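Asks: I have a structure I would like to understand better, so I am pasting it below and will then ask my questions one at a time.
The values are calculated or read from the model by the stated rules, or taken from the named source; none is laboratory data. None of the values given here were measured: they were computed from a predicted structure. Every residue, glycine among them, receives a Cβ derived from its backbone with ideal geometry; neighbour counts consider all protein chains shown.
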Amino acid sequence: MNALLSEIKNCTVCSQHLPFPPRPVLSASPNSKIVIIGQAPGTKVNESGIPWDDKSGENLRRWLNLNNETFYDPKKIAIIPMGFCYPGKGKSGDLPPRKECAPLWHEQLFDHLKEVELIVLIGKYAQEYYLKEQMKKTLTETVRNFEAYLPRYLVLPHPSPRNNIWMKKNPWFERELLPQAKAIIGQLLE
């Protein structure tokens, strides 16, 4: 696993498409019980090199009732984005994660992750990649039907502050999904 993590952290496969030099950001251990699969690092995470080291990460940890110590313990939680490097800025936010990363690295990582009990799929890109035809027509429908993907997958919207409007339109998310998510994660990490 250490050799694979080192190889990923030195990856330059898509460097010609990135706005900054490659800086793959991930965290994993063969003992990880939970895998969090998000989109790609933003500018703040690209600078710090620490996954989810931004407002989105604060929201995600609050949603899952995780403190920093637990969240950043790779023996408990692996953090594997769809794209390992900051992809650049688009018209309405960051560009989508680079398409090279997940096919190149995810299967190899999961070959080493033998104790995984839950995979948290955050946002459309992770859900499309892992759920394929099981995904509903929209992200909202997929998240609304979260129980259909348990116990293997927990589906969440992206915790970006930009999604506050989505949260207001979908009060069931905080009322119904988050209490179950917190309970499931709490049980797995006991």
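Asks: Looking at the stretch 41-95, which of the residues that are in contact with a strand residue (DSSP E or B) (Cβ under 7 Å, 6 or more places away or on another chain), under 18 Å from residue 106 (Cα atoms) and of a type in the set (A, V, I, L, M, F, W, C) is surrounded by the fewest Cβ atoms within 10 Å (Cβ to Cβ)?
Replies: Restricting to residues being in contact with a strand residue (DSSP E or B) (Cβ under 7 Å, 6 or more places away or on another chain), under 18 Å from residue 106 (Cα atoms) and of a type in the set (A, V, I, L, M, F, W, C), the top hit is 79.
Asks: In the stretch 96-109, how many residues are assigned to a helix (DSSP H, G or I), surrounded by fewer than 16 Cβ atoms within 10 Å (Cβ to Cβ) and either touching a residue at least 12 places away in the same chain (Cβ under 8 Å) or within 14 Å of the chain's Cα centre (by Cα) (or both)?
Replies: 2
Asks: On to the next question. Can you tell me which residues in the stretch 138-162 are surrounded by 17 or more Cβ atoms within 10 Å (Cβ to Cβ) and over 16 Å from residue 66 (Cβ atoms)?
Replies: Correct list: 139, 142, 143, 144, 146, 149, 153, 155, 157, 158, 160.
Asks: Another one. Within the stretch 164-175, is even one residue in contact (Cβ under 8 Å) with a residue 40 or more places away in the chain and either part of a strand (DSSP E or B) or hydrophobic (A, V, I, L, M, F, W, C) (or both)?
Replies: no
Asks: Quick one: which residue in 162, 144 is at pLDDT below 95, at negative phi, over 15 Å from the mean Cα position of the chain (by Cα) and charged (D, E, K, R)?
Replies: 162
Asks: Still on this structure: Only residues that are exposed (fewer than 15 other Cβ atoms within 10 Å of the Cβ) and in a loop (DSSP other than H, G, I, E, B): list them for the stretch 14-29, please.
Replies: Scanning the stretch 14-29 gives 19, 20, 21.
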